[in-house]
Amino acid sequence: MRKVLIIGIGPGNPDYLTVQAINALNRVDVFFVPDKGAEKADLQQLRLDICHRYIKGDDYRLVEFKMPVRSNDPADYKRNVDDWHSRIEQEYERLLGREVGEGECAGFLIWGDPTLYDSVLRMIEKIRSTGVIAFDYEVIPGISSVQVLAARHRIALNRIGESVNITTGRKLAEKPTIGAENVVVMLDGEQSFKKVESPDVEIFWGAYVGTADEILVSGRLADVAGEIEVKRARARAEKGWIMDTYLLRGSRET
Ligand SMILES: C[S@@+](CC[C@H](N)C(=O)[O-])C[C@H]1O[C@@H](n2cnc3c(N)ncnc32)[C@H](O)[C@@H]1O
């Protein structure tokens, strides 16, 4: 039976690989490496560096594939995503059938942790359930960008006894109110924090966290929102891409 290992590699620094992930890398016969275009070449290079650094010997294959791109048509977000995911599933199924021999092990290197805002688990389970290609799979957790954000700001995500909500920029923009809570925002291309009006909300923002290019800003949202906007735009223009995450923390109820 074929085996698939879905391996969390952390959010951009090879030092974040766990021992379990390194052991998993060494079991893989063939890695699928997505080519997401020139902008994301750095991310692809990191995956290759991880293989060179941690795998003993060179008895493995790297298969690059063109990652299908999502339509930018804002008219029907859900339909765009469904269509995009089904094209990725077809690509994965094709790769598993064509590149992985019976009894071999395939590896997907997943940014951060595979269980957080990544669709690979849903897709792999869907492909497996069709039964067209027989395989089993394992999930190796990784350090997520959320954990690194908190560590680099030297904060806990929650104050004593409080909960943490992890959401997207899109969701925050739909309801930009922050009460006495901790809200982590990911996948925010629009800087939705600008819509939050509560003056005393604190923000802990980080781009490229954990890497040599890391940028951190924290403070009262009303005071630092402009600084974040400027730094974000400059970094994005220089590098051609950006990944940023932030924690918003409302004042405690009195
Ligand atoms: C598709 S999600 C993947 C999240 C990933 N699975 C994780 O565990 O961090 C991509 C989002 O993760 C966040 N992200 C990933 N890497 C990051 C980094 N090094 N610095 C800041 N944010 C990052 C950004 O919010 C980005 O839009």
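The values are calculated or read from the model by the stated rules, or taken from the named source; none is laboratory data. Note that the structure is a prediction, hence the values are computed from the model and not measured. Please note: Cβ atoms are built from the backbone with ideal geometry, for glycine as well, and neighbour counts cover all protein chains shown. Remember, those area values only see protein heavy atoms, side chains included, never the ligands or the DNA or RNA. Shrake-Rupley method; radii C 1.70, N 1.55, O 1.52, S 1.80 Å.
Within the stretch 1-53, the set of residues being in contact with an Asp or Glu (Cβ under 7 Å, 6 or more places away or on another chain) and part of a helix (DSSP H, G or I) comprises Pro14, Gln44.
Residues checked against (1) in a helix (DSSP H, G or I); (2) at pLDDT 95 or above; (3) within 18 Å of the chain's Cα centre (by Cα):
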position	(1), (2), (3)
Asp83	yes, no, no
Glu91	yes, no, no
Ala106	no, yes, no
Pro114	no, yes, yes
Leu121	yes, yes, yes
Val132	no, no, no
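Among the residues of the stretch 207-238, those that are assigned to a helix (DSSP H, G or I), touching a residue at least 24 places away in the same chain (Cβ under 8 Å) and not small (Gly, Ala, Ser) comprise Leu221, Ile228, Glu229, Lys231, Arg232. Does the stretch 153-169 include one or more residues that are under 17 Å from Asp118 (Cβ atoms) and surrounded by fewer than 14 Cβ atoms within 10 Å (Cβ to Cβ)? Scanning the stretch 153-169 turns up no residue that is under 17 Å from Asp118 (Cβ atoms) and surrounded by fewer than 14 Cβ atoms within 10 Å (Cβ to Cβ).
Considering only residues in the stretch 199-216 that are hydrophobic (A, V, I, L, M, F, W, C) and surrounded by 18 or more Cβ atoms within 10 Å (Cβ to Cβ), the one that is nearest to the ligand (Cβ to nearest atom) turns out to be Val209. Among the residues of the stretch 62-82, is there at least one that is open to solvent by less than 30 Å² (accessible area, probe 1.4 Å), touching a residue at least 24 places away in the same chain (Cβ under 8 Å) and among the basic types (Lys, Arg)? Within the stretch 62-82, none of the residues are open to solvent by less than 30 Å² (accessible area, probe 1.4 Å), touching a residue at least 24 places away in the same chain (Cβ under 8 Å) and among the basic types (Lys, Arg). Checked against the criterion of being surrounded by 21 or more Cβ atoms within 10 Å (Cβ to Cβ) and within 12 Å of the ligand (Cβ to nearest atom), the stretch 121-142 has at least one qualifying residue.
Has the stretch 44-52 got at least one residue that is surrounded by 15 or more Cβ atoms within 10 Å (Cβ to Cβ) and away from the ligand (no atom under 16 Å from the Cβ)? Yes - at least one qualifying residue is present in the stretch 44-52.
Against the list (1) within 16 Å of the ligand (Cβ to nearest atom); (2) surrounded by 18 or more Cβ atoms within 10 Å (Cβ to Cβ), the condition Val196 fails is (1).
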